[in-house]
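Inspection log for the structure reproduced underneath, given as C-alpha cells.
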Amino acid sequence: MRAALPFALLTLCAALAACQQAPSASPVATASAAPVAEEIAWRHGDVEDAFADARQSGKPVLLYWGAVWCPPCNKLKATLFRDPGFIALTRQYIPVYLDGDQEGAQALGEQFGVRGYPTLIVLDPQRHEITRLAGGNDSAELTRALTLAAGRRTAVADVLRVAVVSPQRVSEDDWRVLGDYGWEVDANRLSGQRDPAALLRQLAASAPEPALQRRFALLALGAESSGKDTTPPTPEAREQARALLTTVLAAPAEVRANRDLLGYQGPALVARAAATPAQREPLGGLLLAALERADATQDNAADARLSSVITELALYKQQHAGATVPAALVEKAHERVAAADAAATTPHERQATISTAVYVLREVGDDAAAETLLLAELDRSQTPYYYMPDLAELAEARGDKDAALEWLRKAYAGAQGPATRVQWGVLYVEGLVRLRPDDAKAIEDATAEVIAELDAQPAGYHQRTRQRFERLAGTLQTWSRAHHGQDTLGRLQARMGESCAKAAPGADASAACDRWLKS
C-alpha cells in the first residue's frame, strides 16, 4: 500500500496520513453574516502572486500541498473543504492549492520543506511560517487550529525559541499553536538538529495546561516509538507511558485531538507502555474502546470505523504473534469494509476509502476479496492507475510474475502528471529488477523511459521526484553488483546527464542530479 496509512507509511503522503469528518458547526460557521461561498477560492499553484496579494492585503497565505490520487487528500476534499464554516474561514487567508504535479510544484515543496501529502502551511506575507498542520487530522481540530492561526503573525519558530528558554513568557495561544503544530510532518524543519522526542518532552514539562502537557508527551512517545533507537524502555518509563495513555484515553476531547496519532501509532504506543502481552491486552482494549466512542460521533462513521478495525487487527497481531486472526474479527473487518464501501458514493470519498478497505481485507488474509474490490474500482475511479500497483502486489503474492509486471506497466502508462509518472515509473523498474533481474535490456529501457520524464518538466528534479530517483539509484546499484550491470549503469548515467541541465537548475539540485548512480 502506498498512501492509505499516513503514519504507517509516511512516504508519499504521508502520509500519511487519515482525515475525519467535517464539523457540522465550526467555530467560524456563525462568525460572519456574509453569504458563504460554495467552494474555496483556491489559487492553483500561483504562489508568487499569492504572496504579492498577501503583502498588499495583510492576509496570511494558506498553502495546501496535495495530489489528485492521494487518499487523505481526497478525504479533505470530501469533508473539510466542503464545510461551509471552513470555506468562510478561508476568506481570512490567501488560499493556494499546490498539486504535486503542477509545474514547479516539487521545487516549491522542497522550498517550503513539505514532507508528504496532504500538508497545510500558514505563512505570513513575508513567508515566515506561522504553523503547519498534517492534513490527516480531525476536521474540527483543523478548523479550530486554522481559526487561531488566521489572526497570528508570530512565526512558530520564534514561539518555540521562547518556549524552550523562557516558557513562562509564552502566551496561552502560543502554547496552543505549538500543540496544534504538525510535528509528524515537520521533517526536522522546526526541531532542527534537536532530538524531536527530547524537545517534545521538554515542552510537555513546560506547558501550563494538563491536556497540552499530555499532548506533547504523547507526541514524544510516538516519536520514540517510531525512532531508530530500539533500546527497551525502563520500567519507570513504561509506567509513565501507561499512565499517560490511560489518562488520555479516558478523555474524549483528548482522544479526538490526538485521533490520528492514537489510531495509526496506537499499537506501537501500547507496546512502549507495556512489556508483555498480558499487560498490553487491557491497555489495547482501552485504546479500541476510546477510538470506537470517538468514531461513533462522526458523520462519516463507516469510514472512521474502518480505520479503527486496522488498529484492532494490529493490536491482535502484536499480542498474538503468528496466530490466525479469529473468525469474529475477520467478520467484523468484512462488515466494516462493506459499510465503508457502501457509504463512499462520490469520487473523492471512494478515493479516500478504497485503499484502506483493501488493506483491511489483506490484513485478514482475504486477497481474493481485495482483488475483486480493486478490479471493480478501476472502472469507477478517475485515477485507476493508483490501484494497479496493489493489483500487482496481489499477483506477485500468488506467484504470477507476468501479471504483476503487466499491472505495473499499465499503471506507469496510465499515470498522469510529471511527478506521479516518475513515481509510478520507478515502481515499474523496481518490479522488473525484482521479478526479471536477468532482463537487463528491459530494465535499461524502462529506466531510460523514466529518465526521459524529466525532459518534460523543467526544474523537476526536486522533492519527491528527486527522492524517487535516489531510491531507484540504490535499487539499480544493488542489481548491478549481482548481475554485472556496470555497462548498463554507465549508459543510464550518460542519459541522465542529458536531462539534468533542464531538470535541475541551481547548484544543489544540479549537483544531486549529476551524482545520480555515481555515489
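The values are calculated or read from the model by the stated rules, or taken from the named source; none is laboratory data. The model shown is predicted, which means the values in this text are computed figures rather than measured ones. Every residue, glycine among them, receives a Cβ derived from its backbone with ideal geometry; neighbour counts consider all protein chains shown. Just the protein is used for accessible areas: all its heavy atoms, side chains included, with ligands, DNA and RNA removed. Shrake-Rupley method; radii C 1.70, N 1.55, O 1.52, S 1.80 Å.
Which order do the peptides 264-271, 492-499, 197-204 come out in when sorted by mean C-beta neighbours inside 10 angstrom, highest first?
Values: 264-271: 24.5, 492-499: 16.8, 197-204: 19.5.
The peptides rank, most packed first, as 264-271, 197-204, 492-499.
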Spacing of the two label points (7 Å from each Cα toward its C-beta) at A278 and A368, in nm: 4.1
Can you compute the charge dipole magnitude of region 463-513 about its Cα centre, using +1 on each Lys and Arg Cβ and -1 on each Asp and Glu Cβ, nothing else charged? Give it in debye, rounded to the nearest 20. 180
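Could you work out the relative contact order of the chain? I mean the mean sequence separation of Cα pairs under 8 Å and 6+ apart, divided by the number of residues, in percent. Walk me through the intermediate numbers first.
Numbers: 815 pairs, mean separation 65.5, N = 519.
Once normalised by length, the contact order is 13 percent.
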Euclidean distance of C-alpha centroids, region 478-493 and region 302-344, integer Å: 44
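Given a 1.4 Å probe, how much area per residue of the chain is accessible, in Å²? Display every interim value, and only then the final one.
On the way: 21080 Å² over 519 residues.
Roughly 41 Å² per residue, with all protein chains present.
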With charges set only on the Cβ (+1 for Lys and Arg, -1 for Asp and Glu), what does the dipole of region 290-400 come to about its Cα centre, in debye to the nearest 20? 260
For region 497-513 and region 204-263, distance of Cα centres in Å: 43
Where does each of 418-429, 76-87 land if you order them by average Cβ count within 10 Å, highest first? 418-429, 76-87
Given the candidates H128, L160, W183, the one whose Cα lies deepest towards the positive end of the charge dipole of region 123-259, counting +1 at each Lys or Arg C-beta and -1 at each Asp or Glu C-beta, is H128
Is the shape of region 251-363 best called rounded, prolate or oblate, per the rule: a/c under 1.5 gives rounded, else a/b larger than b/c gives prolate, else oblate, with a ≥ b ≥ c the square roots of the Cα gyration tensor eigenvalues? oblate
About the Cα centre of the chain, how large is the charge dipole given +1 on each Lys and Arg Cβ and -1 on each Asp and Glu Cβ? Please answer in debye to the nearest 20. 1020
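Leaving ligands, DNA and RNA out of it, report the carbon-plus-sulfur percent of the accessible area of the chain at a 1.4 Å probe. Don't jump to the answer; show the numbers that get you there.
Numbers: 10990 of 21080 Å².
Carbon and sulfur: 52 percent of the exposed surface of the chain.
Within the chain, how many Lys pairs that are eight or more residues apart, or on different chains, come under 20 Å at the alpha-carbon? Intermediate results must be reported in sequence, preceding the final value.
Details: K317/K332; K401/K410; K401/K441; K410/K441; K502/K518.
Qualifying lysine pairs in the chain: 5.
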